[in-house]
Amino acid sequence: MAKYVKKQLPIRDWLQSVKRAWLPPVKITTSQWAAKNFIVTDGPKKDMPFDISLTPYLKGPLDAFSDPEVEKIVEMFPVQSGKTLSEIIMLSYIVDCCPGPAMFTQASETNVRRFVKKRLIPMVKKNPVMWKHWSGKPWDLNSSEFEFDLMTLYFAWAGSAGLLASTPIQYVLIDEPDKYPRYAGHEENPVELVEWRVNSYVGFGSKIVIICTPTDKTGNIWLAWEDSNMQEYFCPCPHCGEFRAWKLNQLKVPPNLREPRLIIETKDVWYECEVCLTKIREWQKAEIVGYGIWCPAGQKVNKNGELEGLSLRPKRISGFHTTALVSPFGGVSWPRIMAKWFAANTQQGILLGKLKTFKNNILAEPWEEVGRKVEELELRKNVGEFSKGTVPDWCLILVAFADYHETERKEVRIDYEVRGFGYNLRNAVISSGSVSTWEQLDGETILNPFPWSNPANTKPMLAVMLMPVDSGFKPDEAYEYCRKRRGITIPTKGASNPQKAPVTVSDLEKSVAGRVKNASKYHGMQLLIIDTSFFKDVVTGWVENKKGGSQSTEFYKEIPDLYFKQFTNEHKVQGKDRSGRPMWKWKPISEGAETHSLDTAVGAAVAAYMKGVFYWRPPEEQRIVSAAAKGRATRDERPATRQGGFLNDLPSL
């Protein structure tokens with residue numbers, strides 16, 4: 001075999017190489033560079049120039065890479081979204097525009113070798129802009145490192161502690177870190193280990209890129225996302241012009257269409273705008289997504305496509321998250337997404353882990369272990385025979401609750417619920433709905449008594465005895481409403497963390513002092529701080545019990561499906577408190593899901609608690625309890641007797 005002889009570069013080529021090394025950095029964004037220079041080497045657009053219009057949401061993370069103010073980029077994307085393509089483009093941009101020592105890491109050595117062979121080597125050989133930086137020697141492109149004219153690209157894997165910990169690196173690209181083992185070498189996290197490699201270059205153009213589909217909330221990508229400015233991709237509605245991040249709960253199918261196979265065949269799926277409620281079809285998706293804008297947490301996008309408000313965190317750590325709803329690829333079309341969703345939500349699908357897979361791969365959200373969830377079918381079994389606005393014979397007291405909030409359309413809405421209670425916490429929802437003014441709320445709840453469902457009942461009609469009002473939205477308006485209706489209404493506020501008591505009573509006047517000029521007008525009024533987690537456990541437990549029994553809930557027969565949907569839009573999942581200790585807490589099933597019916601149920605339970613209903617027992621049970629208490633008292637009043645023992649019969653000394 002002929003021996004390779006290293007040749008000297010001609011003087012002219014050597015001078016060109018020196019000139020290129022001393023050129024100032026190219027002032028071009030990564031997405032602009034890719035559109036001009038990059039050739040796609042696999043997929044449906046193989047051997048074609050990169051076109052950002054196919055995946056416009058990639059522009060955000062790509063341009064963040066060329067932003068000097070950004071030090072770390074976090075891409076929490078679903079499958080089939082182009083996230084792997086974005087990191088290949090970033091690697092190419094480094095080689096051509098800002099050369100420096102770089103490292104690419106994956107979970108295992110096998111993964112690295114496959115990625116190098118299938119993706120990176122074809123990328124170098126088929127892209128002219130990359131070819132000019134390669135010597136042409138095949139051994140300069142191997143599975144441990146790529147040698148280019150002005151830099152070296154190193155490869156490492158999670159278990160190679162030595163490779164991860166040596167040699168200063170300017171650019172680090174971490175691929176799918178949730179698949180990494182927890183430790184590499186001597187009890188060290190491989191992600192933290194490789195991130196330490198850039199310390200020498202911090203302040204000199206260093207970049208850390210983490211790209212992954214999430215698994216759970218202990219995964220590396222979710223922890224990195226929480227430290228970022230948490231940007232979501234907002235798309236405009238073609239009808240009303242409002243920008244929103246697309247959510248799964250707005251993807252709709254006809255009410256009678258639930259079979260996954262038929263959903264794919266009929267393709268009768270649309271997205272319903274949260275604001276104007278009009279239908280958006282999938283054929284409109286490509287154009288709409290093209291106008292999308294990345295919006296950090298704390299800000300919103302106006303109709304002109306401009307960011308408003310202040311970001312919660314600076315862009316030094318830029319995080320990007322979107323769902324498969326914006327993806328252009330056929331494997332995650334809207335009909336297929338809905339088909340997968342219904343297949344995953346069957347009992348068999350949950351047992352097989354399809355729901356977890358759906359949440360990770362389609363929604364790009366971490367899986368949370370569910371401790372408790374109420375199903376809509378369980379609620380429907382508890383529908384009673386009484387009509388809306390009428391009271392069953394066994395009810396002894398009526399209470400209500402008002403949830404004051406703002407809709408997506410910026411409209412003020414007050415959701416209310418009237419609930420009757422009997423002995424042993426048997427209860428019934430006798431009325432519910434939404435109004436837009438306080439006067440309308442009065443008419444639906446506290447102004448008039450409610451008739452009995454049985455016309456033969458001659459007892460006096462019942463009226464609402466107490467109605468707490470949620471003050472989370474525009475508290476001063478809620479306080480003023482309650483001030484004018486003292487004794488029957490009381491403002492409330494939900495606590496974000498578990499409390500020592502289900503309800504804590506505070507002085508409203510002291511609570512608003514310093515913020516409200518004439519706080520004295522609230523003298524004598526109280527503010528209830530509610531342990532919402534406790535009462536959500538209570539009301540969800542009631543609906544699981546048999547209708548008509550103790551601690552059970554019934555619903556009026558005309559109750560709308562929306563009530564059940566909102567009631568079941570939360571589940572109890574495992575999380576952590578501020579100290580990092582594990583805890584269970586209630587959270588919406590999906591981001592933005594409305595839970596107003598559950599909130600009104602909680603508020604009605606609070607009203608019953610404040611009226612002492614939780615301790616009401618039927619007279620016959622009270623007689624039994626009284627007799628038992630009397631028996632205990634009799635035993636306690638008996639005179640003390642000398643205690644016997646084996647020494648009692650001995651003579652006195």
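The values are calculated or read from the model by the stated rules, or taken from the named source; none is laboratory data. Please read all numbers here as calculations on a predicted model, not as lab measurements. All Cβ positions, glycine included, derive from the backbone under ideal geometry; neighbour counts span all protein chains shown. Side chains included, ligands, DNA and RNA excluded: accessible areas come from the protein's heavy atoms. Shrake-Rupley method; radii C 1.70, N 1.55, O 1.52, S 1.80 Å.
By the scheme Lys and Arg +1, Asp and Glu -1, what is the net charge of all other residues having a beta-carbon under 10 Å from that of G472? Mind dumping the intermediate values first?
Values: positive: K474, K493; negative: D403, D470, D599.
Neighbour charge sum, excluding G472 itself: -1.
Run the numbers for K410 and E272: contour at 0.36 nm per residue of separation, minus the present Cα-Cα distance, in nm.
48.0 nm
Is the C-alpha gyration tensor of the stretch 38-141 telling us rounded, prolate or oblate? Criteria: a/c under 1.5 is rounded; beyond that, a/b larger than b/c is prolate, otherwise oblate. Walk me through the numbers on the way to the answer.
On the way: a/c = 1.31, a/b = 1.25, b/c = 1.05.
Rounded is the answer for the stretch 38-141, as its axis ratio a/c remains below 1.5.
First check a/c for the stretch 353-507, with a ≥ b ≥ c the square roots of the eigenvalues of its C-alpha gyration tensor; if it is under 1.5, answer rounded, and if not, answer prolate when a/b is larger than b/c or oblate otherwise.
oblate
Among N361, S143, P99, flag the residue with its Cα farthest along the positive direction of the charge dipole of the chain, charges on Cβ as +1 for Lys/Arg and -1 for Asp/Glu.
Selected residue: S143.
Just check the stretch 428-487 against the gyration tensor rule for me: Cα atoms, a ≥ b ≥ c as the square roots of the eigenvalues, rounded for a/c under 1.5, and otherwise prolate or oblate depending on whether a/b exceeds b/c.
Prolate is the answer for the stretch 428-487, as a/c is 1.5 or above and a/b outweighs b/c.
Step through the table entries K83/K585; K300/K354; K356/K585; K303/K572, compare each Cα-Cα distance with 27 Å, and write down the pairs that go over it. List each step's numbers first, then the result.
Details: K83/K585 32 Å; K300/K354 33 Å; K356/K585 19 Å; K303/K572 36 Å.
From the list (K83/K585; K300/K354; K356/K585; K303/K572), the Cα-Cα distance tops 27 Å for K83/K585; K300/K354; K303/K572.
Could you check the simple spin-label distance between L150 and N304, using points 7 Å along Cα→Cβ, in nm with one decimal?
So the two model labels end up 4.0 nm from each other.
Dipole size in debye (nearest 20) for the stretch 433-536 around its Cα centre, Lys and Arg Cβ +1, Asp and Glu Cβ -1?
280
Going by average Cβ neighbours within 10 Å, how do the peptides 496-503, 287-294 rank, with the highest at the top?
Ranked from most to least packed, the peptides come out as 287-294, 496-503.
Using a cut-off of 15 Å between beta-carbons, work out the net charge of the residues near G487 (Lys and Arg +1, Asp and Glu -1, G487 not included).
That works out to +4.
Taking amide H positions as placed 1.01 Å from N in the peptide plane, with prolines and chain starts having none, which residues 5 or more places from V209, or on another chain, fall under 5 Å of its amide H?
I73, V172, L173, I174
Placing one identical point scatterer on every Cα of the stretch 199-253 and ignoring solvent, what is log10 I(q)/I(0) from the Debye formula at q = 0.12 Å⁻¹?
-0.52
Tell me the mean residue ellipticity at 222 nm calculated for the chain from its helices only (DSSP H runs of n ≥ 4, each -39500 (n - 2.57), averaged over every residue, nearest 500).
Working: 23 runs with 193 residues, N = 653.
For the chain, the value works out to -8000 deg cm²/dmol.
With Rg/Rh (Cα atoms, Kirkwood Rh) in mind, check (i) 0.99; (ii) 1.02; (iii) 1.11 and report the label derived from this structure.
Computed from these coordinates, Rg/Rh (Cα atoms, Kirkwood Rh) corresponds to label (iii).
May I ask you to order 453-462, 601-610 by the average number of other C-beta atoms within 10 Å around their residues, highest value first?
Highest to lowest by the protection proxy: 601-610, 453-462.
Using the membrane-span-like helix rule (whole DSSP H runs, Cα extent along the own axis of at least 20 Å, mean Kyte-Doolittle hydropathy at least 0.0), which helices of the chain qualify?
83-97, 596-610
Would you mind calculating the relative contact order of the chain from Cα pairs under 8 angstrom and at least 6 residues apart, reporting the percent as a whole number?
Numbers: 1184 pairs, mean separation 71.5, N = 653.
Taking the mean separation of contacting Cα pairs over the length of the chain, I get 11 percent.
Could you tell me the accessible area of F329 in Å² (1.4 Å probe, neighbours in place), rounded to the nearest ten?
60
For H571 and D393 in the same chain, what is the full-extension length gain: residue separation times 0.36 nm, less their Cα-Cα distance, in nm?
Working: separation 178, 0.36 × 178 = 64.08 nm, distance 3.31 nm.
Length gained, H571 through D393: 60.8 nm.
Cβ under 12 Å from P177's Cβ, P177 left aside: what net charge do those residues give with Lys, Arg +1 and Asp, Glu -1? Don't skip to the answer; put the middle values down first.
Details: positive: K179, R182; negative: E75, D175, E176, D178, E192, E195.
Once all neighbours under 12 Å are counted, the net charge is -4.
Find how many whole Å separate the alpha carbon centroid of the stretch 267-324 from the alpha carbon centroid of the stretch 208-266.
A separation of 10 Å, based on Cα centres.
Please give the contour-minus-distance gain from Y615 to N345: 0.36 nm per residue of separation, less the Cα-Cα distance, rounded to one decimal in nm.
Answer, rounded to one decimal: 93.3 nm.
By per-residue mean of other Cβ atoms within 10 Å, what is the highest-first order of 305-315, 505-515?
By packing density, highest mean first, the sequence is 505-515, 305-315.
How big is the gap, in Å, between the Cα center of the stretch 32-104 and the Cα center of the stretch 330-347?
Distance between centres, Cα-based: 29 Å.
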